[in-house]
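Below is one structure, written out as structure tokens, with a few remarks after it.
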Amino acid sequence: MSTHVAADAPTGTPAMAAAPTASIASTKRPVPMPLAEPESALKPPTVEPLVSDPPTALFTQALQVGTPALVYDYPGIAASVRRMRQDIAVVPGARLNMAVKACHTPDVLRHLAVLGLGGDVASVGELALARDAGFSEITTTGPAFGPTDFAAFRAAGVVVDLDSVDQLDVYGLEYQNTDIGLRVRVPLPDALQTNTTFGVNSRFGVSITDPAVHDALRRHGLTLTRLHLHTGQMSPEALVYKTDYTLKIAARFPAVHTIDLGGGFFHLYTHRGRARAAFARVAEMVQAWQDRHGRAIALRFEPGGAILAAHGYLFTEVRSVTEHHPHYGTRVVTVDSSAWNLAPWHKPTVLAADPAADGGVVEPGLIAGNTLYENDFFATGIHGELSPLSFPRCRPGDRLVITAAGAYTMTNSRRFNRIPAPEEFAFEDAAGGLRRLEAAPFA
Ligand SMILES: Cc1ncc(COP(=O)(O)O)c(C=O)c1O
């Protein structure tokens, strides 16, 4: 069973696209179809997909808890992390960090930290979560950091990746002659731009050719040690382009030792073989750069959605069914969770929560959320456009499961109508039951 696609989701926040999953095994639930693959010059070898089918036990255990419930598949997360790290390992000195913005649930973050990941944070609040989780390293960038943020990051030993000339000035006046990183805006060529990619149209980062950036670095005696970028969803070709672009910048700054290429791995991993081919090319480029310049350069990657989304399952109960809505021309099923509050951009696969119901009749329809917002429908695009889903016939009291809910669901959640967020649970193995997870208190 599995993941979903929302290729038209905005970036800067998650764009959810399905990573292909493994073939159907008898002990597993059915899988969705992968995205169609674009043509590529990068040759894909045949490899196991990034995301494996979840075990049936996750769904049988979830029958024992109330709804709405968000269940994380811990072994599934570990398997995807292992595969990603294996792919990245071909690049000398490269490491995988987690975009903490995708999940604030302390136990899930600890699970990721124990797997050996670092964490990228976007606020002092996320910094506290990342430190408590025990991430091996912490990076940060944000568009509106001010003096108190800088002080908190410095106290934690985190070098800040500054986002603007004004940030360079505010930081530089207080902390002259220190190390900094820079978030860099990358002028991606048109061929690498999609509606989920942000190159020259990004509002974040500085242009490295802007003389004001160089003046500010000089004025405050700041030493540039890291380049940091995130361009939304990233194709294999964009990964290679961004590596080339930033290696050229690093060649001009002798103290730069790290390039953080950001997240956006949903599109990168549309086909894992193509992602691996891109990493192999990146490895060659890094090796050649190191040989030419006689110094090491370490890459970082910081996906959020591609690590967690496919491994979160939102269990929800059907509250009412309108078999034929006169306007929508299809059935409208209202459930006890809200797309608007939890999953405004998801294009999930929706299944019967009970695995015993697999193979039952599936029909088109819309799934509406439990708020009084008219457009509270699952699987809407970023402009509110509806796409009908195919899901089991159901009646009030039945349970459905909405897939691909493991990333950004809770961190983006709204409290519209004062409806509480779902309870969160960890699935760990087939033997026990689900373990209830505490949400992080909002300090
Ligand atoms: C700086 C930065 N890094 C990483 C990410 C993670 O992106 P994704 O979840 O698409 O991998 C984001 C998302 O907004 C980001 O802004």
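List, please: which pairs have Cβ atoms under 7 Å, are six or more places apart or on different chains, and start with a residue in the stretch 166-182 that is under 16 Å from Ser207 (Cβ atoms) and end with one that is buried (at least 21 other Cβ atoms within 10 Å of the Cβ) and among the basic types (Lys, Arg)?
Short answer, once both residue conditions are applied: Gly181/Arg226.
Are any residues in the stretch 253-270 farther than 18 Å from Gly205 by Cα and crowded, with 23+ Cβ neighbours inside 10 Å, and if so, which ones?
Those that are farther than 18 Å from Gly205 by Cα and crowded, with 23+ Cβ neighbours inside 10 Å: Phe265, Phe266, His267, Leu268, Tyr269, Thr270.
Being more than 16 Å from the ligand (Cβ to nearest atom) and at pLDDT 95 or above narrows it down to one of Arg300, Arg281, so name that one.
Details: Arg300 fails: more than 16 Å from the ligand (Cβ to nearest atom).
The unique qualifying residue is Arg281.
Within the stretch 115-146, can you find the residues that are under 18 Å from Ile88 (Cβ atoms) and either more than 15 Å from the ligand (Cβ to nearest atom) or not in a loop (DSSP other than H, G, I, E, B) (or both)?
Leu115, Gly116, Gly118, Gly119, Asp120, Ser136, Thr139, listed by residue number.
Picking from Ala288, Ala278, Ala310, which residue would you name as being free of Cβ contacts under 8 Å to residues at least 24 places away in the same chain and assigned to a helix (DSSP H, G or I)?
Selected residue: Ala288, the only one of Ala288, Ala278, Ala310 that is free of Cβ contacts under 8 Å to residues at least 24 places away in the same chain and assigned to a helix (DSSP H, G or I).
Can you name the number of the only condition in (1) at positive phi; (2) more than 16 Å from the ligand (Cβ to nearest atom) that Ala430 fails?
Of (1) at positive phi; (2) more than 16 Å from the ligand (Cβ to nearest atom), only one is false for Ala430: (1).
Please state which of the following conditions Phe145 fails to meet, knowing it meets all the rest: (1) surrounded by fewer than 18 Cβ atoms within 10 Å (Cβ to Cβ); (2) over 23 Å from Thr409 (Cα atoms).
(1)
Among the strands (runs of 3 or more DSSP E) lying completely within the stretch 320-368, list those that include at least 2 residues that are small (Gly, Ala, Ser).
Once the strands (runs of 3 or more DSSP E) in the stretch 320-368 are filtered for at least 2 residues that are small (Gly, Ala, Ser), what remains is 362-368.
Just checking, does the stretch 382-397 include any residue being away from the ligand (no atom under 16 Å from the Cβ) and within 22 Å of the chain's Cα centre (by Cα)?
Yes, there is a match, as at least one residue in the stretch 382-397 is away from the ligand (no atom under 16 Å from the Cβ) and within 22 Å of the chain's Cα centre (by Cα).
Consider only pairs whose beta carbons are under 8 Å apart and that are at least six residues apart or on different chains; among these, list those whose first residue lies in the stretch 398-417 and is buried (at least 24 other Cβ atoms within 10 Å of the Cβ) and whose second residue is of a type in the set (D, E, K, R) and outside any loop (DSSP other than H, G, I, E, B).
Close Cβ pairs (under 8 Å, with a partner that is of a type in the set (D, E, K, R) and outside any loop (DSSP other than H, G, I, E, B)) amount to Leu400/Glu317; Gly406/Asp73; Tyr408/Lys101.
Can you tell me which condition Ala298 does not meet? The list is (1) surrounded by fewer than 24 Cβ atoms within 10 Å (Cβ to Cβ); (2) within 30 Å of His271 (Cα to Cα); (3) in contact with an Asp or Glu (Cβ under 9 Å, 6 or more places away or on another chain), and all the others hold.
(3)
Among the numbered criteria (1) in a loop (DSSP other than H, G, I, E, B); (2) within 13 Å of the ligand (Cβ to nearest atom); (3) touching a helix residue (DSSP H, G or I) at 6+ places or on another chain (Cβ under 6 Å), which single criterion is violated by Gly262?
Among (1) in a loop (DSSP other than H, G, I, E, B); (2) within 13 Å of the ligand (Cβ to nearest atom); (3) touching a helix residue (DSSP H, G or I) at 6+ places or on another chain (Cβ under 6 Å), Gly262 violates only (3).
Considering only the stretch 211-235, how many residues are away from the ligand (no atom under 16 Å from the Cβ) and either outside any strand (DSSP E or B) or of a type in the set (A, V, I, L, M) (or both)? Before the answer, list the steps.
Pass one, the stretch 211-235, residues away from the ligand (no atom under 16 Å from the Cβ): 211-225.
Keeping just the survivors that are either outside any strand (DSSP E or B) or of a type in the set (A, V, I, L, M) (or both) gives 211-222, 224.
So the count comes out to 13.
Could you grab me the full set of residues in the stretch 204-233 that are within 19 Å of the chain's Cα centre (by Cα) and either of a type in the set (D, E, K, R) or under 19 Å from Ala255 (Cβ atoms) (or both)?
His228, Leu229
Is it true that Ser235 is surrounded by fewer than 17 Cβ atoms within 10 Å (Cβ to Cβ), in contact with a helix residue (DSSP H, G or I) (Cβ under 8 Å, 6 or more places away or on another chain) and hydroxyl-bearing (Ser, Thr, Tyr)?
Spelling it out, it is not the case that Ser235 is surrounded by fewer than 17 Cβ atoms within 10 Å (Cβ to Cβ), in contact with a helix residue (DSSP H, G or I) (Cβ under 8 Å, 6 or more places away or on another chain) and hydroxyl-bearing (Ser, Thr, Tyr).
For the list (1) exposed (fewer than 14 other Cβ atoms within 10 Å of the Cβ); (2) touching a residue at least 40 places away in the same chain (Cβ under 8 Å), I need the number of the one condition that Thr371 fails.
Just one mismatch for Thr371, condition (1).
Here is a list: Ile208, Ile249. Which entry is away from the ligand (no atom under 16 Å from the Cβ), assigned to a loop (DSSP other than H, G, I, E, B) and under 25 Å from Asn97 (Cβ atoms)?
Answer to the check: Ile208.
Would you be able to say whether some residue in the stretch 98-107 is buried (at least 16 other Cβ atoms within 10 Å of the Cβ) and without any contact (Cβ under 8 Å) to a residue 40 or more places away in the chain?
Scanning the stretch 98-107, I find no residue that is buried (at least 16 other Cβ atoms within 10 Å of the Cβ) and without any contact (Cβ under 8 Å) to a residue 40 or more places away in the chain, so the answer is no.
Given the options Gly406, Gly384, Gly397, name the one that is of a type outside the set (Phe, Trp, Tyr), within 27 Å of Pro75 (Cβ to Cβ) and assigned to a loop (DSSP other than H, G, I, E, B).
Just one listed residue meets the conditions, Gly406.
Among (1) under 24 Å from Asn97 (Cα atoms); (2) of a type in the set (A, V, I, L, M, F, W, C); (3) crowded, with 21+ Cβ neighbours inside 10 Å, where does Ala216 come up short?
Against the list (1) under 24 Å from Asn97 (Cα atoms); (2) of a type in the set (A, V, I, L, M, F, W, C); (3) crowded, with 21+ Cβ neighbours inside 10 Å, Ala216 comes up short only on (1).
Does Asn177 meet the test of being over 19 Å from Arg300 (Cβ atoms), under 23 Å from the mean Cα position of the chain (by Cα) and exposed (fewer than 14 other Cβ atoms within 10 Å of the Cβ)?
no
Among the numbered conditions (1) out of contact with any Pro (no Cβ under 9 Å at 6 or more places or on another chain); (2) within 30 Å of Asp354 (Cβ to Cβ); (3) not aromatic (Phe, Trp, Tyr), tell me where Thr67 comes up short.
(1)
Assess whether Arg183 counts as being within 13 Å of the ligand (Cβ to nearest atom), assigned to a loop (DSSP other than H, G, I, E, B) and within 21 Å of the chain's Cα centre (by Cα). Before you say what the answer is, go through the steps one by one.
Working: within 13 Å of the ligand (Cβ to nearest atom): yes; assigned to a loop (DSSP other than H, G, I, E, B): no; within 21 Å of the chain's Cα centre (by Cα): yes.
No; evaluated as a whole, the condition is false for this residue.
The values are calculated or read from the model by the stated rules, or taken from the named source; none is laboratory data. Remember, it's a predicted structure, so these values are computed and weren't measured experimentally. Using ideal geometry, Cβ is built from the backbone for each residue, glycine included, and neighbour counts are taken over all protein chains shown.
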